[in-house]
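Right, one structure below, let's go through it.
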Amino acid sequence: MLTRNDLLDIILERLGPPSAPAAGRVPRPPDSRSGPPGRPFWSEYDIKKRLTENSQELRIPKDAIISPLALDGLALRRVRIIRE
């Protein structure tokens, strides 16, 4: 049985890969879906897509907003957040 995340993965694969960030730059989520204009919002889904199974740290922009659910997930996986 397919889970919600499996369906999202299938849809995103069909849409194609995201554009690669410039060298040395921190990737940002596509849109600021909530929060003040100009500040990227990182949801649990955005973060899950950027982490590998063995990830120990996550680099994000200094002004990024992280959802509470995403913070809980990072804490459970013991992933360190590095703001750049």
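So for the pair residue 84, residue 72, with labels modelled 7 Å out along Cα→Cβ, what separation do we get in nm?
Distance between label points: 2.9 nm.
How much length would be gained if the chain were fully extended between residue 53 and residue 12, taking 0.36 nm per residue of separation minus their Cα-Cα distance, in nm to one decimal?
12.9 nm
With labels modelled as points extended 7 Å from the Cα through the Cβ direction, what inter-label distance (nm, one decimal) is found for residue 1 paired with residue 45?
Distance between label points: 2.1 nm.
Each reported figure results from applying straightforward, stated rules to the coordinates on display, with no laboratory input. Predicted model, so just to flag it, every value in this text is computed and none were measured. When we count neighbours, we look across all protein chains shown, and the Cβ atoms used for this are built from the backbone with ideal geometry, even at glycine.
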